[in-house]
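Below is one structure, written out as structure tokens; comments come after it.
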Amino acid sequence: MTSPRIIDSELSQSFQNSVKLSASPQNSFLPAASPSHFSGSPPQSYFPVMGRRSSMKLPVPKVLKPFATEDIKILLLENVNQTAVSILTEQGYQVEFHKTSLSEDELIEKIRDVHAIGIRSKTKLTAKVLAEARNLVVVGCFCIGVNQVDIEYAAKHGIAVFNSPFSNSRSVAELVIGEIIALARQFTDRSNEMHMGVWNKVSAGCWEIRGKTLGIVGYGHIGAQLSVLAESMGMSVVYYDVIPIMSLGMAKQVPTLDDLLTEADFVTLHVPALPETENLIGAPQFAAMKHGSYLINASRGTVVDIPALIDAMHTGKVAGAALDVYPNEPAKNGPTFHTALNTWAEQLRSLKNIILTPHIGGSTEEAQSAIGIEVGQALVRYINEGATIGAVNFPEVSLRSLTLEEENHVRVLYVHSNVPGVLRTVNEIFADHNIDKQYSDSRGDIAYLMADISQVDAADIRDLYEKLERTPFKIMTRLLY
């Protein structure tokens, strides 16, 4: 990595009084006392093309050593995998690591000065918490779900949110397969009895899974992998999704949820937490299921009406269940899963043939390592490149990397309200400069513009930044050079 090229030390020093220099491998401007922030995500063109034989020499991407790497502060909570810690530390960022989540008061205190925060599922980044974040520019969710973050508030304040939608899919699918077998054979009951010294060798109500029908609600990354695994073990697979999806193997999509419930011996849920999915499986759905069928939920805790499940298991309508997620989950490990958190907790724990796990669907060494790499690299590219590919609450915008041959360039990153007249105003600001490339896209009320401008010096960069900051549409302005 080359040393930073100090354009003008006096200008740089005086400019820092009003504008903070970012700590990324491409320098950026960030107001010292403004809620406006920088944003981004991994651009598609960032990744090298592998395995091609070509005589063409690929241009070398420009990587600038930042003026003040130590200015970027990263807060990682909930024992985020060490792969992410290493990736972020290698960039020279200040990384603060915690093995657990924090209380709301502790979180508010910590979040005030950090530029990025990495969390899993326990930390709740509400509007109240995010409102205290003076410098926050990006949230990394080291998991699939993002319902623990107020992503709408984050977007309106220039904070991009990334997650890991694929990396733990296999781990969740394998957990579900294991639970299907365990429920069919009443493994957990027999194991608990043996731990108490009771020998109870029985076959009544125990089944092979070969020849049985698995119903998958939500045929996404996890559902599709589960479908293949189940078929390889001799199960028939039907699935329900709100959109038509091409099946893998011999799986069959059914038109309605009731069609799935009446046909499946095992029902497994893999849907996001949405208003439409709250209590998706309740008393009417249990009534529609086969007598003696099984339910597995490794998606979100709000999807199943737990009191209705308890009733269905008492009547024998449901012969067994496996739950990995719950409406209210403890913030820390310990003896905390009780009625103070969920009023039905004691009743649930007293049931026979029920597997209760503490949200461990994606908790394998392989999955957590892959998630750490995926989200860690996304945060680095977000801070360093300014692209938003993969962000869950921003329009996806990307430009190819600048090369070493492209000197005296600045990359403009401008998050703004999606209203008429913005591009005209911005292009008037750019009018006296040469725009090498420019791209803009919108998502709801938020729009994002990226532009590379050539033949600029420190005075030009400062002028561009100040003019963009004064525009009435501005949510966030960031300049990389």
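The values are calculated or read from the model by the stated rules, or taken from the named source; none is laboratory data. Just so it is clear, the model here is predicted, and its values are computed rather than measured. Ligands, DNA and RNA are excluded from the accessible area calculation, which covers all protein heavy atoms including side chains. Shrake-Rupley method; radii C 1.70, N 1.55, O 1.52, S 1.80 Å.
Calculated on the Cα set of the range 299-342, radius of gyration then Dmax: 11.9, 34 Å.
Over the chain, dividing the summed -39,500 (n - 2.57) contributions of all DSSP H runs of at least 4 residues by the number of residues returns a 222 nm mean residue ellipticity of -8500 deg cm²/dmol. Kirkwood radius for the range 350-411, taken over all pairs of different Cα atoms as the inverse mean of 1/r, rounds to 15.5 Å. Looking at the chain, the accessible area is 46 square angstrom per residue; that uses a 1.4 Å probe and ignores ligands, DNA and RNA.
Compactness of the range 336-375 was expressed as the Cα radius of gyration divided by 2.2 N^0.38 Å, which yields 1.68.
Annotation: amide H of residue 95 within the under-5 Å range of 74, sequence separation 5 or more or interchain, hydrogens built in the peptide plane. Annotation: average projected area of the range 178-294 is 8.4 square nanometres, based on the convex hull of Cα atoms across all directions. Kirkwood Rh over alpha-carbon pairs of the range 133-233, then Stokes-Einstein at 20 °C and 1.002 mPa s: what D in µm² s⁻¹, rounded to an integer? Answer, rounded: 125 µm²/s. Solvent-accessible area of the chain (1.4 angstrom probe, protein heavy atoms only): carbon and sulfur portion equals 53 percent.
For a straight C-alpha distance cut-off of 19 angstrom, the lysines reachable from residue 467 (same-chain residues fewer than eight places away being disregarded) are 20.
Across q = 0.16, 0.25 Å⁻¹, the range 383-443 modelled as identical point scatterers on its alpha-carbon atoms has Debye log10 I(q)/I(0) values of -0.62, -1.27, in the order of the q list. I need the Debye-formula profile for the range 398-476: one equal scatterer per C-alpha, no solvent, reported as log10 I(q)/I(0) at q = 0.15 1/Å, two decimals. Evaluating at q = 0.15 Å⁻¹ gives log10 I(q)/I(0) of -0.51. The calculated P(r) of the range 241-313, using every Cα pair and 10 Å bins from 0, goes 18, 53, 26, 3 in percent. When the pairs 124/437; 62/128; 124/156; 99/128; 128/437; 128/332 are compared against a 28 Å limit on Cα-Cα distance, 124/437; 62/128; 128/437 fall above it. Scaling against 2.2 N^0.38 Å puts the C-alpha radius of gyration of the range 256-388 at 1.26. Helix 306-315 and the longest principal axis of the Cα set of the chain meet at an angle near 20°. One way to sum up the overall shape of the chain is the equivalent ellipsoid from its Cα gyration tensor, whose semi-axes run 49, 23, 20 Å, largest first. Only Cα sites of the range 324-475 enter the Debye sum here, all with the same form factor; the resulting log10 I(q)/I(0) across q = 0.13, 0.14 1/Å is -0.74, -0.79, listed in q order.
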